[in-house]
Amino acid sequence: MTERRIVDAVRRAADTPVAKRIAEPHFEGEEKLPAHGAVIVACNHLGLGDRWLTALVRSRRIHMVKPPAAAALLAKGEAVGIFPEGLASVDGRAYRARIDVAQLALGFGAGVLPAAVTLDSGRRTPRLHFGELMDFSRHAGLGHHQAVLRAVADEVMTAIVELSGQEYVDEDAGIVRDRLAKAAKQEAAAAKEQAAVQRIERKRATDERRLSREAEADELAAAAAQAAEEAAELARQAAEADARRARVRQVHQPPHTGPQRDPTQPVRARPFDQG
């Protein structure tokens, strides 16, 4: 699908009643956009939707392209839209503009129209604000001076921030994104390492509890075995004592000569003694 077809599809989708109820875009200062001639619309970059919001501008088509592709369109007198920051903001703040916007403006003598995307906090409705057209013809022929390019880019970004109300950070968005990505990667690695340490500590604690239970069980088993040995020894000693007492009784017992008569009892006459 070509860019033109995509733009037409976005416009048709935005014209539906549902889209208008959910988030109908608003444009402020659209009349400041020149009707003819090469012009650069320099906009802040909050997210992917910024590109298609500019496609809904009715007064004139704005080609949202990267700086290298903008040159050919400006040479034809078209309106091009670029994001001077280069990348979408990672935290909602505005970042230092790259010098691409200055190189295009001075290289083609094109005016720069600052623009800013904002969101209404209540309805989350996108708004596109257009500022005053900026003329940098006073720097004609100085496009090869880095200081001039830097000054022009900074002036454009200042105008954008005045429209957006964003906090400004004098640092390249790409550097910030790389630093945050590196920090996130380090944080993830640290979290992974911490999780590994915690797993090791949990395993160590589990092993220590298991070893403690095993040692306790071994101690109980040893105590039971010792108690059994002591009981067996006591039983053996008792048996030996019983055997010794039995032998003593046998030694001191008089020999058996029959039943003994009780001298206190009278002697009974035997049957054959009577008569």
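Only one of the numbered conditions (1) assigned to a helix (DSSP H, G or I); (2) exposed (fewer than 13 other Cβ atoms within 10 Å of the Cβ); (3) in contact with a Lys or Arg (Cβ under 9 Å, 6 or more places away or on another chain) is violated by Ala188, and that is (3). The numbered conditions (1) under 31 Å from the mean Cα position of the chain (by Cα); (2) surrounded by fewer than 12 Cβ atoms within 10 Å (Cβ to Cβ) are all true for Tyr168 except (2).
Looking across the stretch 152-163 at every residue that is farther than 18 Å from Pro67 by Cα and among the hydrophobic types (A, V, I, L, M, F, W, C), the one that is nearest to the chain's Cα centre (by Cα) is identified as Val161. Can you tell me how many residues in the stretch 144-161 are in contact (Cβ under 8 Å) with a residue 40 or more places away in the chain and within 25 Å of Leu128 (Cβ to Cβ)? Summing the residues that are in contact (Cβ under 8 Å) with a residue 40 or more places away in the chain and within 25 Å of Leu128 (Cβ to Cβ) in the stretch 144-161 gives 8. For the stretch 101-128, what are the residues that are touching a Gly at 6+ places or on another chain (Cβ under 8 Å), assigned to a helix (DSSP H, G or I) and surrounded by fewer than 24 Cβ atoms within 10 Å (Cβ to Cβ)? Matches in the stretch 101-128: Gln103, Leu106, Gly107. The single residue among Val176, Val148 that is outside the structural domain of His129 (by TED's automatic domain parsing) and either surrounded by fewer than 16 Cβ atoms within 10 Å (Cβ to Cβ) or under 16 Å from Pro84 (Cβ atoms) (or both) turns out to be Val176.
The values are calculated or read from the model by the stated rules, or taken from the named source; none is laboratory data. Note that this is a predicted model, so its numbers are computed, not measured. Quick reminder, even Gly has a Cβ in these numbers, built from the backbone with ideal geometry, and neighbours come from all protein chains shown.
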